[in-house]
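First comes the structure, then the notes that go with it.
The values are calculated or read from the model by the stated rules, or taken from the named source; none is laboratory data. Values in this document were obtained by computation on a predicted structure and should not be read as measured data. As a convention, Cβ positions derive from the backbone with ideal geometry for all residues, glycine included, and neighbour counts pool all protein chains shown. When the accessible area is computed, the model is the full protein with side chains, heavy atoms only, and any ligands, DNA or RNA have been set aside. Shrake-Rupley method; radii C 1.70, N 1.55, O 1.52, S 1.80 Å.
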Amino acid sequence: MRVAIALVLIAIAVAAAGAAAFAMLYYAPKPASPEGPASGGTSSAAVSSTPPVSLEPQLGSDFRAELVASDLSLPTSMAFVDGGSKLLVLEKETGQVMMVSSDGTKKQVLKLNVARGAEQGLLGIAVSGSGREVFLYMTEADAGGHVLGNRIYRYDWDGNSLSNPVMLLELPAIPGPVHNGGKLEMDSRSGQLYAVIGDVNRLGGPLTNEQSGEIDDTSVIVRVDSEGRPPADNPFAGYSKKPFTYYFAYGVRNSFGMDFDPVTGKLWDTENGPESYDEINVVNSGFNSGWKKVMGPIARSGHTESDLLQLQGSHYLDPVFSWKSAIGVTDIEFFKSDKFGPEYKNNIFVGDYNAGDLYFFKVNAARDGLDLAGSVGDLVADSYEESLEVRFGAFPGGIVDLETGPNDGYLYVLTFAGNLYRVVPAEATAASG
């Protein structure tokens, strides 16, 4: 695997043990760094002679980053609770759910037994519209560390603790240990819960556009209600085979990001390619993302739609944006605030792990794609230089989650290095959370 010099240095300087455990998490052999993409293998001599990389967030003069909390242990996801006054943050390998208050104080509210291999662990969180239910996605393990499965639980939240767990779904976790996905999103309009799981390193089957194999609940986005039941209008509900009724989309290699457009209610996601073509997608009902045949624009793949396995009620769409060299794309966030000015409201921030880069995109007028021009007008960043056209800043240590603060309207950025930041306009007074 080619590892960018910047990532190696960050791993040493920020969290040597933790970053080593996470070395495979974003399975992208050609990560980009603030200096540009790696051009080949990295030798120890090259690393030792390279100047240290700044660990401070890098933003333009119009914005600054405030440190809200630090020393979180390999965090993966976060969600606001209690009307936005607190955040619940998941720690990948400790299995802890940490409550972070507006003043940065931390308190453990739950501890779970989770697997710790590569991309396994405590991975995803969503909160119901009432705020009284919290949903967690985890690679659960027994007391001895034996993997039990990727599981989704519902918990009751009383403002101080999580209790009364109910398992809603059990999904595969072997052979793994990569491509577990794990992000959760709650649709505030319908009350439906969406969860994404990657291919879990399986050989393939119909859900990865192969003509043979079994339906195995991998490489899909599932859609259920708060009791874990598939809604009647799921796109494949007409199939007699039970698992189909849970699926909203398929052909997903792996994903660490989903969010709903607050204007249209449509789901968007990010998807991780192998060495090439990380993606941003609009996920309509019945979406076939194309894996294993297609990553990036289908015109560049050597395939046509006829090469894909199209289930009744399915459709393929090209990504609305791709990075030719995989960047370890992570979360996507529609910025639901006017605190940065009207040009940012209801538009998109996207993070990556490899360089900690934060990207900003404007949605087009039809809200079915992105408004892009210049060298990225073809909807692909073919080089690191082209990706700079949509780069907003950087948070070394690897971005893993993004959220809009429901109270203060600022952008919250969580890094795998264990830091939680709040992005505010440069002229803003110190935010109170």
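Here are the numbers for this structure:
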| item | result |
| --- | --- |
| Of residues in region 96-115 being out of contact with any Lys or Arg (no Cβ under 8 Å at 6 or more places or on another chain) and not in a strand (DSSP E or B), the one surrounded by the most Cβ atoms within 10 Å (Cβ to Cβ) | 115 |
| Residues of region 317-336 satisfying the condition of being open to solvent by 20 Å² or more (accessible area, probe 1.4 Å) and of a type outside the set (D, E, K, R) | 317, 325 |
| Positions within region 250-266 being closer than 22 Å to residue 120 by Cα, out of contact with any helix residue (DSSP H, G or I) (no Cβ under 7 Å at 6 or more places or on another chain) and not aromatic (Phe, Trp, Tyr), in sequence order | 252, 253, 254, 255, 257, 258, 259 |
| Residues of region 202-213 that turn out to be open to solvent by 10 Å² or more (accessible area, probe 1.4 Å), within 17 Å of residue 308 (Cα to Cα), part of a loop (DSSP other than H, G, I, E, B) and not aliphatic (A, V, I, L, M), as a count | 5 |
| Leading residue by the ranking (farthest from residue 193 (Cα to Cα)) among those in region 244-279 that are among the polar types (S, T, N, Q) and crowded, with 24+ Cβ neighbours inside 10 Å | 272 |
| Complete set of residues in region 388-431 that are open to solvent by 20 Å² or more (accessible area, probe 1.4 Å), in a strand (DSSP E or B) and of a type in the set (A, V, I, L, M, F, W, C) | 392 |
| Matching residues, region 182-196, being buried (at least 24 other Cβ atoms within 10 Å of the Cβ) and either more than 16 Å from the chain's Cα centre (by Cα) or in a loop (DSSP other than H, G, I, E, B) (or both) | 182, 183 |
| So residue 366, is it open to solvent by less than 30 Å² (accessible area, probe 1.4 Å) and over 17 Å from residue 259 (Cβ atoms) | no |
| Test: residue in region 93-112 that is touching a residue at least 60 places away in the same chain (Cβ under 8 Å) and under 18 Å from residue 195 (Cα atoms) | no |
| Extreme residue, modelled with the lowest pLDDT, among residues of region 308-346 that are small (Gly, Ala, Ser) and closer than 18 Å to residue 250 by Cα | 313 |
| Residue within region 347-357 that is out of contact with any Phe, Trp or Tyr (no Cβ under 7 Å at 6 or more places or on another chain), open to solvent by 40 Å² or more (accessible area, probe 1.4 Å) and modelled with pLDDT of 95 or more present | no |
| Complete set of residues in region 234-254 that are part of a loop (DSSP other than H, G, I, E, B), over 22 Å from the mean Cα position of the chain (by Cα) and in contact (Cβ under 8 Å) with a residue 40 or more places away in the chain | 234, 235, 236, 238, 239 |
| Residue check, residue 129 closer than 23 Å to residue 227 by Cα, in contact (Cβ under 8 Å) with a residue 40 or more places away in the chain and part of a loop (DSSP other than H, G, I, E, B) | yes |
| Residues that are outside any loop (DSSP other than H, G, I, E, B) and open to solvent by less than 10 Å² (accessible area, probe 1.4 Å), drawn from region 214-232 | 220, 221, 222, 224 |
| Residue list for region 316-374, restricted to those being charged (D, E, K, R) and in contact (Cβ under 8 Å) with a residue 40 or more places away in the chain | 318, 324, 331, 333, 336, 338, 339, 352, 357, 367, 368 |
| Where residue 176 falls short, out of the listed (1) at pLDDT 95 or above; (2) closer than 24 Å to residue 414 by Cβ | (1) |
| Test: residue 121 is more than 15 Å from residue 81 (Cα to Cα) and either of a type in the set (Ser, Thr, Tyr) or open to solvent by less than 30 Å² (accessible area, probe 1.4 Å) (or both) | yes |
| Index of the failed condition, residue 385 passing every other in (1) outside any strand (DSSP E or B); (2) crowded, with 23+ Cβ neighbours inside 10 Å | (2) |
| Qualifying residue in region 134-154 (condition: of a type in the set (A, V, I, L, M), within 19 Å of residue 407 (Cβ to Cβ), in contact (Cβ under 8 Å) with a residue 24 or more places away in the chain and crowded, with 20+ Cβ neighbours inside 10 Å) | yes |
| Number of the condition not met by residue 199 [criteria: (1) part of a loop (DSSP other than H, G, I, E, B); (2) open to solvent by 20 Å² or more (accessible area, probe 1.4 Å)] | (2) |
| Sole residue being hydrophobic (A, V, I, L, M, F, W, C), modelled with pLDDT of 95 or more and over 22 Å from residue 88 (Cα atoms), chosen from 400, 390, 413, 424 | 390 |
